[in-house]
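The values are calculated or read from the model by the stated rules, or taken from the named source; none is laboratory data. In this text, all values refer to a predicted model and were calculated from it rather than measured experimentally. Here Cβ is always computed from backbone atoms with ideal geometry, including for glycine, and neighbour counts include all displayed protein chains.
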Amino acid sequence: MSEPTIRCPKCNTDIKLTEGLAAPLIAATREQYEKQLSTTNAEMARREAALLEQSAKLKRSEQTLGTQVADQVAEQLRKERAAITADSEKKARQSVALEVEAKTREAADLQAALTANNMKLIEAQKAQADAVRLKRELEDSRRELELTIEKRIQEGLQASEAKARRRVEDETRLKMAEKDKLIADAQRQVDEMKRKMEQGSQQLQGEVQELELEGLLRAKFARDTIEPVGKGERGADAIHRIFGPAGQICGTILWESKRTRNWSDSWLPKLREDQRTAKAEIAVIVTQVLPKGIESFDLIDGVWVCSHRCAIPVAIALRQSLIELAAARQAGEGLETKRDMVYQYLTGPRFRHRVQAIVEAFSDMKDDLDKERKVISKQWAKREEQIERVMQGTVGFYGDLQGIAGKTIREIEGLDMKLLGDGDEQPED
């Protein structure tokens, strides 16, 4: 029968069982055999002593039995000794053979268990490598999350500082506005008192302001035509028709002059109606009493409102805008169709639906991202716990094998005492 062998999982070397694992078994069997042999020798010595005693007795009776009987007794003693020795050796050989066979079967079982354990250790090493990689990815994600949180904190601090700065600026602006309002109110009161002192006929004052406004417009814009609206006719006070450098009509401004004690919001819808009737592009109210919150001029509900001293600057700006608009309209006459199409598209439902679809897609992506972040965090925690249990089971299993086989099982890289003592430190890839 061929001797069983064991293959090393590291260096792939075949080790004979009689030279490796069977050596301690043979030594133990040899020691047991020697003990049995010594016991047999002691028994034989005891029997020999008994025989010697019998021989002494026989010697004492030799005088009567004679020399032949003594020879027969000695021969019988030698045969019994040889038979006992042969029987003892046979039993010892059988016992040793049975022991060696049992130890051989045990060594084969150990070899099979060692092979299975090596496969499990390889799987454990792979699991450990995956655990190291997952841990590294978890650390990277954690650092990235910390960086994102830090950035958001910085952005929040910057936003808070900007908000505080805006609050201070608003408070300062409000205080300045209060002062300006106090000054304006005081000036308005002074102007009102002056008007009361200089007030004559209300109608006469209005007509004087209308004539003064028309004279200022004619003097400033000699190329344009200023047409007054007759008394009793429905409409504003003057129609200002603007002509460009080439003599082409560029637009119309409808002027309304007011010289009253208080401002009235009813002037605005009336002037807009007059603007539609006159088909004018711009409507302007020149008044001495401005609405609250307006210091010089402003656009209110599509109507320009200005003071008397700002009438000419406002007229210059509005006139230039109408001239530029007419020039641009003339230059872009060929693009009106495409412009209308683009405008219809931008103001139509298709553009709104597309933008709404993009916003909904971004919202869904953000919700999915939040859900994935929660699921991945949960999976990471679960995998860390599983890896910890696998490592504990592997180390315990490896310790059990070392306790059974002793130093015949070599140390496995990744489970040595140095690595286990380092704690969470992992070798870099």
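Considering only the stretch 102-117, I want to know if a residue exists there that is among the small types (Gly, Ala, Ser), over 60 Å from the mean Cα position of the chain (by Cα) and either assigned by TED's automatic domain parsing to the domain that holds ARG46 or within 30 Å of LEU37 (Cα to Cα) (or both). Yes: one or more hits.
Filtered by the rule that a residue be farther than 22 Å from GLY393 by Cα and touching an Asp or Glu at 6+ places or on another chain (Cβ under 9 Å), the stretch 93-126 gives a lone residue, THR104. Across the stretch 304-320, a minimum of one residue is classified as within 30 Å of ILE183 (Cβ to Cβ), in a loop (DSSP other than H, G, I, E, B) and free of Cβ contacts under 8 Å to residues at least 40 places away in the same chain.
Selection of first residues in the stretch 168-184 that are in a helix (DSSP H, G or I) and of second residues that are modelled with pLDDT of 80 or more, restricted to Cβ pairs under 7 Å at least 6 apart or on distinct chains, gives the following pairs, ordered by first then second residue: ALA184/GLU295. When VAL375, VAL390, VAL395 are checked against the criterion of being part of a helix (DSSP H, G or I), at pLDDT 75 or above and exposed (fewer than 11 other Cβ atoms within 10 Å of the Cβ), VAL375 stands alone in meeting it.
Do we have any residue at all in the stretch 231-244 that's assigned to a helix (DSSP H, G or I) and not aliphatic (A, V, I, L, M)? I'd like the intermediate steps shown before the answer.
Step one: filter the stretch 231-244 for residues assigned to a helix (DSSP H, G or I), giving none.
Looking for residues that are assigned to a helix (DSSP H, G or I) and not aliphatic (A, V, I, L, M), one finds none in the stretch 231-244, hence no.
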